[in-house]
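As structure tokens, the structure follows; a few thoughts come after it.
The values are calculated or read from the model by the stated rules, or taken from the named source; none is laboratory data. Note that the structure is a prediction, hence the values are computed from the model and not measured. Cβ sites come from the backbone with ideal geometry, for glycine too, and all protein chains shown count toward neighbours. These accessible areas exclude ligands, DNA and RNA; they are computed on the full protein's heavy atoms, side chains included. Shrake-Rupley method; radii C 1.70, N 1.55, O 1.52, S 1.80 Å.
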Amino acid sequence: MEPEVPGDAVGRRVSIGGERATVRYVGPVPPTTGLWLGVEWDSPERGKHNGTHEGVQYFTCRHPKGGSFVRPAKVSFGVDYLNAVQQLYEINADEVLSEEISISSKKLKWGGVKERSFESLPSVLLSRCEVNGPGADGEIRRTTPNVQWLDLSGTLMSCWEDVAAITEQLDKLEGLQLSYNRLRLPSEPSALCQAFCNLKVLALNSCDLTWPQILNCAPMWPQLEDLCLEENNITELQRPEGVLQPLRSLNLSSNPLVQHTVFSMSALPRLEKLNLSRTGLSDVRFDDAAPGKNQSHYTKLNVCLSQWCVVDELAKLPSLVQFSCRGNRLVSSDGNPKTANQMLIAKLGQLVTLNSCEIYPEDRRGAELDYIKMFGEEWLKAGGQSQTGTEFTCRHPRYQNLIDITPHLVVNLILFCFSEYGAPEEGELKKPEPFVLKNQLLKVTFVFPDDAERKPIEKKLPASMDVQKVKGLLYRLLKVPAADLKLTYTSPKMAGTEFEIDSDLKTLQFYSIEDGDQVLVRWS
């Protein structure tokens, strides 16, 4: 005897061997006998056709091979919310007590085993469970009244009305995970807003949604602050007029976004974090703000970069303090990825975190000094301090600001004949050489001020060599333990001034040691 098929089966979500699908047809498929279900798979590669059998179209699919016919016996229509909770969380005391436990042939007895109460559960995680709806009216509110976070990802929920029938009974619900579902859009979204009135966080990853569909649903979420929409079918971004206004964080990663439409997000006045990674965007423009001027309010941004002009556009965001661009295709003129990161730090003056790594003051200081030196000759040719050309300003909108910042008074921050942020002189400015070893070797002379009889030692060292390895080299030369060595350096450009080398983990390049400098070696 074939299992009973629900009367409303068409449109319902089902599980077939653990895979998710949507029922599109119920009925006979001649010349075979018996009942068949025509289903459209979430994963089209599971299918065989588009709903057609022997020239007859029984249903349609978005993918030409996304459909199959299956017998009802192979299909599960799922269980309600409370049944799923009980299956996952309930402890059967009698069953537990009946189990025997032995350790070294000694049998142990169970103490008291209590049935678990669902009333205290702060979260219910039903990911990949076959939940299809709420169950009996009012039972969810009575059974799990304190749930604040609910995970219904990859379930058998068919429509937003079914989801709302569950959430309206969870008065404390603030976070909802609905990823990997296919939910029919609501006919009256605003009528369901009470069911999501306290919702702050919502995840709808891999739900095959478009941006207009998101805007259509948005009236349901009046208090939403964090919306995650990874791996959907979002292309053009229309302005969210009158909806999503409380939103602070929006994740659009892994969507095929159309260039420039991202700026419609400026209609979200509280938006602080925007994730645009793996979207294919290669250009970002804030055309209503001139170079060096501010435009928007994001504090955290994640995007893939391919052009330096995009970084200059991001500099118009005064609140941008966290930025992630892993996998970007930016390159500097010397081909060194570390130089590209330094330029990012220098161009984005407000940045606190880059690629999840904190930017320390000394990192920023070094990056900005190198940036000033790297483009100093170009700056002078463009007019320098007196009148910098428009073209240079457009390509380096923050450069003049770095030049104008008041110099620091601490003498060991005054490097190479100009203060930390002062104007460079023409003799100091060099174009970066290609990133090859011979161009990165520095001729350094080690001198020993406390040992007058010891002759200076001249070595060629890579600029990328860290101080710890320099001390290791000196140990081999002097037979003095590295821990006892104290290093400073002087530059011909700053005669009479010694600069402390105080970190074994930093490189010679970090301390801006140049070809021809002297390293003073002392030991205790």
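What tally of residues in the stretch 134-155 results from selecting those that are within 22 Å of R184 (Cα to Cα) and modelled with pLDDT of 95 or more? So the answer is 7.
Restricting attention to the stretch 40-55, and to residues there that are small (G, A, S) and over 30 Å from the mean Cα position of the chain (by Cα), which single residue is surrounded by the fewest Cβ atoms within 10 Å (Cβ to Cβ)? Selected residue: G55. Across the stretch 246-299, the number of residues qualifying as acidic (D, E) and at pLDDT 60 or above comes to 1. Among residues that are closer than 26 Å to S319 by Cα, open to solvent by 20 Å² or more (accessible area, probe 1.4 Å) and of a type in the set (A, V, I, L, M), V262 is not included. Looking across the stretch 127-147, just one residue is in contact with a Ser or Thr (Cβ under 7 Å, 6 or more places away or on another chain), farther than 27 Å from V75 by Cβ and surrounded by fewer than 17 Cβ atoms within 10 Å (Cβ to Cβ), and that is N146. S158 fails exactly one of the following numbered conditions: (1) at pLDDT 95 or above; (2) small (G, A, S); (3) farther than 18 Å from P186 by Cβ. What is the number of that condition? Unmet condition: (3).
Whether any residue in the stretch 406-416 is at pLDDT 85 or above, open to solvent by 20 Å² or more (accessible area, probe 1.4 Å) and touching a strand residue (DSSP E or B) at 6+ places or on another chain (Cβ under 7 Å) is what I want to check. No, there is no match, as no residue in the stretch 406-416 is at pLDDT 85 or above, open to solvent by 20 Å² or more (accessible area, probe 1.4 Å) and touching a strand residue (DSSP E or B) at 6+ places or on another chain (Cβ under 7 Å). If only residues of the stretch 1-34 that are open to solvent by less than 50 Å² (accessible area, probe 1.4 Å) and in a loop (DSSP other than H, G, I, E, B) are counted, the one that is nearest to Q57 (Cα to Cα) is V29.
Contact map, the stretch 484-501: first residue under 12 Å from V447 (Cα atoms), second residue open to solvent by 80 Å² or more (accessible area, probe 1.4 Å) and in a strand (DSSP E or B), Cβ cut-off under 6 Å, separation 6 or more or different chains; pairs are T488/E500. Among the residues of the stretch 148-163, those identified as in contact (Cβ under 8 Å) with a residue 60 or more places away in the chain and either part of a loop (DSSP other than H, G, I, E, B) or open to solvent by 30 Å² or more (accessible area, probe 1.4 Å) (or both) are G154, T155, L156, M157, S158. Within the stretch 484-496, identify whether any single residue is of a type outside the set (D, E, K, R), assigned to a helix (DSSP H, G or I) and in contact with a Leu (Cβ under 8 Å, 6 or more places away or on another chain), and answer yes or no. Yes. Scanning the stretch 487-524 for residues that are open to solvent by 80 Å² or more (accessible area, probe 1.4 Å) and either over 19 Å from L477 (Cα atoms) or among the small types (G, A, S) (or both) yields a total of 10. So, V124, is that one assigned to a strand (DSSP E or B) and either open to solvent by 10 Å² or more (accessible area, probe 1.4 Å) or of a type outside the set (D, E, K, R) (or both) or not? So V124 passes the test. Within the stretch 423-471, how many residues turn out to be loosely packed, with under 15 Cβ neighbours inside 10 Å, in a helix (DSSP H, G or I) and at pLDDT 90 or above? Residues flagged as loosely packed, with under 15 Cβ neighbours inside 10 Å, in a helix (DSSP H, G or I) and at pLDDT 90 or above within the stretch 423-471 amount to 1. Within the stretch 335-373, track down each residue that is of a type in the set (S, T, Y) and either in a loop (DSSP other than H, G, I, E, B) or touching a strand residue (DSSP E or B) at 6+ places or on another chain (Cβ under 7 Å) (or both). Selection gives T353, S356, Y360.
This table checks each residue for (1) of a type in the set (D, E, K, R); (2) in a loop (DSSP other than H, G, I, E, B); (3) surrounded by fewer than 21 Cβ atoms within 10 Å (Cβ to Cβ); (4) modelled with pLDDT of 95 or more.
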site: A165; (1), (2), (3), (4): no, no, yes, yes
site: L170; (1), (2), (3), (4): no, yes, no, yes
site: N181; (1), (2), (3), (4): no, yes, no, yes
site: C193; (1), (2), (3), (4): no, no, yes, yes
site: P212; (1), (2), (3), (4): no, no, yes, yes
site: A218; (1), (2), (3), (4): no, no, yes, yes
site: Q223; (1), (2), (3), (4): no, yes, yes, yes
site: E231; (1), (2), (3), (4): yes, yes, yes, yes
site: I234; (1), (2), (3), (4): no, yes, no, yes
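The residue list L344, L320, L330 contains one member that is within 21 Å of the chain's Cα centre (by Cα), modelled with pLDDT under 80, more than 25 Å from I214 (Cβ to Cβ) and open to solvent by less than 50 Å² (accessible area, probe 1.4 Å), which is L330.
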